[in-house]
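What follows is calculated from the coordinates using simple rules that are stated; it is not laboratory data. Bear in mind that the values here come from a model prediction, so they are computed numbers and not experimental data.
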Amino acid sequence: PLSGVVVRPPLRWVFKEVMSAEAAAPAAEGAPAADSRSTAPPPRHGAVSRELKEKLAHTVKTCLREYYDAGRIANKDDFKHLARDITHKWCARMEDGKERWHREKTKAKIKRYVEKLFEKSFIYVRSGTVAARA
């Protein structure tokens, strides 16, 4: 194991903290109203469309890239695992009707979520993997 590696808390804890903080925060004064054209059509039978999932995955990968480049994610496999895990969490939120796709708003929320996840100083290492950078 790497010295100084701190294991991250389970994502579900951080996800709940970020979402509850956003729900408690009042809307910014002077914020633009939601644009009805920027929302995706409601999902059929609770499923997120493939296009939307790809958009979410791209946004998540973009947000995680800076942490991977800085060495905060141990290796490429861990990067993929973390990106997949976060993407699935956001897709589940959309399937449950808790979120809708607002391009900039959703990107900002995902960015805040990733920042909150990496707020503490640690290197992400998926449990059961060797922390060698490839």
Practice item. Kindly state, as a whole number, the per residue volume in cubic angstrom of the convex hull around the alpha carbon atoms of region 46-134. Key: 100 Å³
**Study point:** Extension reserve of the residue 72-residue 112 stretch, reckoned as 0.36 nm per residue once the Cα distance is removed
**Key:** 12.7 nm
